[in-house]
Amino acid sequence: MRMEIKEEAVESTASSSVARSRSSSAWIRGIPIYVMILPGFLYFVIFRYIPMGGLVIAFQEYDPFLGFLNSPWTGLDNFHRLLTDPDLGMLLRNSLILSGLNLILFFPAPILLAIMLSEVSRSWFRKSVQTIIYMPHFLSWVIVVNITVVLFATQDGGINNLLESLGFQRIEFLTDSHYFRALYVLQNIWKESGWSAIIFLAALAGVNPMLYEAAVVDGASRWRQVWHITLPALKSTVIILFILRLGQVLDLGFEHILLIQNPVNLGVADVFDTYVYRNGVLQGNFSYSTTVGVFKSVIGLVLIMLANRLTKVFGQEGVY
Amino acid sequence: MRRFNARGSQPIFTVLTTGMLLVSMLIVLFPFLYVVTTSFAPREEIVSRGFFVFPHRWTINAYGYLMSNRQFMTSFLNAVHITVLGTIVNMSFTSLMAYGLSKRWLKGRKALNLMVLFTMLFGGGIIPTYLVVKSLHLIDSYWSLYLTGAIAPFHLIVMRSFFQNIPLELEEAARMDGCGEWRLFGRIVLPLSLPAVATFTLFYAVQNWNAYFNAVLYLNDSDKWPLQVFLRQMMNEANDSMENVSGAFEYSPSVKMAAIVIAAVPLIAVYPFLQKYFNKGMLMGSVKG
């Protein structure tokens, strides 16, 4: 630190030619560091930025044999087609409904878990609950979906076997599109709500225990302690995460949805990412599906930036 | 930390929270338990017994079937291969770049940071990335998996702030002793950052072990598919894709359960280590600017 300040002071007073030689020596000093950064830099350029440039095919009638450079340009034709495409309404509707369900049902689950965990006094019990409910986060969606199939399949699923032995009808949980949305949200809750509780627990760890002691002295019940101390302590974290979630309404977990989609539930299960994959990669409509992807990414970018702006507004108010 | 009595005791409240936590624990555990126990159930019981959790007779037929099934063993070994090499690529790319970006004096640091940050907000998406991989002739090569996911920007940023917290004096002292950047990185910075290195190694390893979609997208040759793709295929195509007999073992629905167990066991085995570190490494790194 001291060195840096001294260096800056020298630089600001030195003549321009000295400053220039100093800056070129900074480049030279940085050479080994640039070598270290190089692989990562190339990764970002080749696999992150060149694909962004590749989005130009949304303005082309891309032909794999002609490449980006020689494919014919079509201007905004693909976007005109998108805006009149009935699929767009379906994709938007499905995305918004699934996101809405996530916000109403999935979002509060980790908050509730964190509050209950913070109310447990025996630390061995709290730790064992945490150990177990964090675990599903590390399983792949393939495993989670396979476990769901083992339990809910119509023919030999455990739950359906149970229903039958209790005298009920078997239910087509996995193939009837009416159950798709519930299935999607419940899988999210099962897999991620434990892990997502960590951030709320971190917020609660910062609460001064004396607040609770004072409340007890004042005769506050446990309910009132939760209501007047725990919940306000979570407020800013909840608001910020909620806004950030709003910024991601079109991101619904591509792999997850892809794995639970089938031809029967496609009408309620198709979202932007899966639509792009099916039409682009599987059917070869590169340009049009890229257009759909661009549409989604741009809306996503705008929403995220708005969300960031909003959290700053709330962040200042919400910080205690 | 907080004493039970200090909060005033209210039996109804305690019973309610404890009860609800027990229920959530059971909801998480039951599917695991069901899959594990039924993977040991004999075929007749699964086909005719209806609902049960604990089999009358326990058998390891399903595991024997998988061990002698060529497709399963290939995909299992592929997954091990991809996890080991992929994680090496991830960690070398990520830690080197994070170390470089942790140098406050570095020219161009700001631009590089911005370059990383922007990819967290916007991306080219599936198709342009696929076209890049294809034009590099990486289709059907594992390098398509290693390279397309070489760096997770979030991990990179957390690791960078971790490196930034190492006292500058250490670096200066080492430089006085004639230590170059590479030695500084390998001998001083990495050993000092062991919790972060361990955390991200495990996170990347879990991610690589779980990789499904990229493998489907970039690998056409089914002999190269990792375990997750095998698992998916097995569930999707019902029984007829599996041979009826494999070695001395016959096919049974419990083979599906056994495959899930085998795919999940490595994760559950590294989980205690993960848990030990993710509080330390993850939260510590991300909280400090």
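The values are calculated or read from the model by the stated rules, or taken from the named source; none is laboratory data. All of these numbers come straight from a predicted model, not from anything done at the bench. Cβ placement follows ideal geometry from the backbone for every residue including glycine, while neighbour counts extend to all protein chains displayed.
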(request) Check B:LEU106, B:LEU121 and return the single one that is at the interface with chain A (Cβ under 7 Å from one of its Cβ atoms), of a type outside the set (Phe, Trp, Tyr), closer than 19 Å to A:VAL276 by Cβ and touching a helix residue (DSSP H, G or I) at 6+ places or on another chain (Cβ under 8 Å). (result) B:LEU121
(message) I'm trying to understand the selection: among the residues of the stretch A:212-267, which are acidic (Asp, Glu) and more than 24 Å from A:LEU183 (Cβ to Cβ)?
(response) A:GLU213, A:ASP218
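Could you say whether any residue in the stretch A:280-290 is away from chain B (no Cβ under 11 Å) and assigned to a helix (DSSP H, G or I)? I'd like the intermediate steps shown before the answer.
As a first pass, look at the stretch A:280-290 and keep what is away from chain B (no Cβ under 11 Å): A:283.
Within this subset, residues satisfying the condition of being assigned to a helix (DSSP H, G or I) are none.
No.
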(request) Determine, yes or no, whether A:TYR212 is out of contact with any Lys or Arg (no Cβ under 9 Å at 6 or more places or on another chain) and hydroxyl-bearing (Ser, Thr, Tyr). (result) no
(request) Select from the stretch A:210-241 the residues that are closer than 23 Å to B:LEU16 by Cα, assigned to a helix (DSSP H, G or I) and either within 8 Å of another protein chain (Cβ to nearest Cβ) or in contact with a Ser or Thr (Cβ under 8 Å, 6 or more places away or on another chain) (or both) and list them in ascending order. (result) A:TYR212, A:GLU213, A:VAL216, A:ARG222, A:TRP223, A:GLN225, A:THR230
(message) Test of understanding: among B:GLY19, B:GLY86, which residue is over 23 Å from the mean Cα position of the chain (by Cα) and either more than 8 Å from chain A (Cβ to nearest Cβ) or of a type in the set (Ser, Thr, Tyr) (or both)?
(response) B:GLY19
(message) closer than 13 Å to B:GLY100 by Cα and buried (at least 18 other Cβ atoms within 10 Å of the Cβ): is that true of B:PHE162 in this structure?
(response) yes
(request) Go through the stretch B:33-74 and count every residue that is touching a Pro at 6+ places or on another chain (Cβ under 6 Å) and in a helix (DSSP H, G or I). (result) 2
(message) Return the residues of the stretch A:28-42 that are farther than 14 Å from B:ASN113 by Cα and surrounded by 21 or more Cβ atoms within 10 Å (Cβ to Cβ); say none if nothing qualifies.
(response) A:ILE33, A:MET36
(message) Six or more apart or on different chains, Cβ atoms under 9 Å: show the pairs whose first residue is in the stretch B:138-150 and in the same structural domain as B:SER92 (by TED's automatic domain parsing) and whose second is among the charged types (D, E, K, R) and in a loop (DSSP other than H, G, I, E, B).
(response) B:ASP140/B:ASP221
(request) Test each condition in (1) assigned to a helix (DSSP H, G or I); (2) buried (at least 17 other Cβ atoms within 10 Å of the Cβ) for B:ILE151 and report the one that comes out false. (result) (1)
(request) Only residues that are more than 14 Å from chain B (Cβ to nearest Cβ) and either touching a Phe, Trp or Tyr at 6+ places or on another chain (Cβ under 8 Å) or closer than 15 Å to A:ASN279 by Cα (or both): list them for the stretch A:62-85, please. (result) A:TRP73, A:THR74, A:GLY75, A:LEU76, A:PHE79, A:ARG81, A:LEU82, A:ASP85
(request) For the stretch A:119-134, name all the residues that are more than 8 Å from every other protein chain (Cβ to nearest Cβ) and either touching a Lys or Arg at 6+ places or on another chain (Cβ under 9 Å) or of a type in the set (Lys, Arg) (or both). (result) A:ARG126, A:LYS127
(message) Of the conditions (1) within 23 Å of the chain's Cα centre (by Cα); (2) surrounded by fewer than 17 Cβ atoms within 10 Å (Cβ to Cβ); (3) part of a loop (DSSP other than H, G, I, E, B), A:VAL249 satisfies every one except a single condition; which number is it?
(response) (2)
(request) State the number of residues belonging to the stretch A:39-58 that are aromatic (Phe, Trp, Tyr) and under 22 Å from the mean Cα position of the chain (by Cα). (result) 3
(request) Tell me which residues, restricted to the stretch B:208-221, are of a type in the set (S, T, N, Q) and free of Cβ contacts under 8 Å to residues at least 60 places away in the same chain. (result) B:ASN210
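Pick out, from the stretch B:177-289, the helices (runs of 4 or more DSSP H) lying fully within it that include 2 or more residues that are at pLDDT below 90, among the aromatic types (Phe, Trp, Tyr) and surrounded by fewer than 22 Cβ atoms within 10 Å (Cβ to Cβ).
Working: elements: B:194-210, B:213-218, B:227-236, B:254-277, B:284-287.
It comes to B:254-277.
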(request) Report the residue count in the stretch A:63-114 for those that are aromatic (Phe, Trp, Tyr), more than 17 Å from A:GLY280 (Cα to Cα) and modelled with pLDDT under 95. (result) 1
(request) Evaluate the stretch A:304-319: report whether one residue or more is farther than 19 Å from B:VAL132 by Cα, modelled with pLDDT under 90, part of a helix (DSSP H, G or I) and facing chain B (nearest Cβ under 8 Å). (result) yes
(request) Please give the number of the condition A:HIS137 fails out of (1) closer than 12 Å to A:GLN187 by Cα; (2) facing chain B (nearest Cβ under 7 Å). (result) (2)
(request) Identify the single condition in (1) facing chain A (nearest Cβ under 7 Å); (2) more than 20 Å from A:PRO51 (Cβ to Cβ); (3) assigned to a helix (DSSP H, G or I) that B:MET115 does not satisfy, given that it satisfies every other one. (result) (2)
(request) Please determine, by comparing only the residues of the stretch A:133-153 that are of a type in the set (Val, Ile, Thr) and free of Cβ contacts under 8 Å to residues at least 12 places away in the same chain, which one is nearest to B:VAL206 (Cα to Cα). (result) A:ILE143
(message) I'm told A:TYR179 meets every condition in (1) more than 26 Å from B:ILE12 (Cα to Cα); (2) of a type in the set (Ser, Thr, Tyr); (3) touching a Leu at 6+ places or on another chain (Cβ under 7 Å) except one. Can you identify the failing condition by its number?
(response) (3)
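When you check A:ILE97 against the structure, is it among the β-branched types (Val, Ile, Thr) and surrounded by fewer than 12 Cβ atoms within 10 Å (Cβ to Cβ), yes or no? First the steps, then the outcome.
Details: among the β-branched types (Val, Ile, Thr): yes; surrounded by fewer than 12 Cβ atoms within 10 Å (Cβ to Cβ): no.
Here the answer is no, as A:ILE97 does not meet what is asked.
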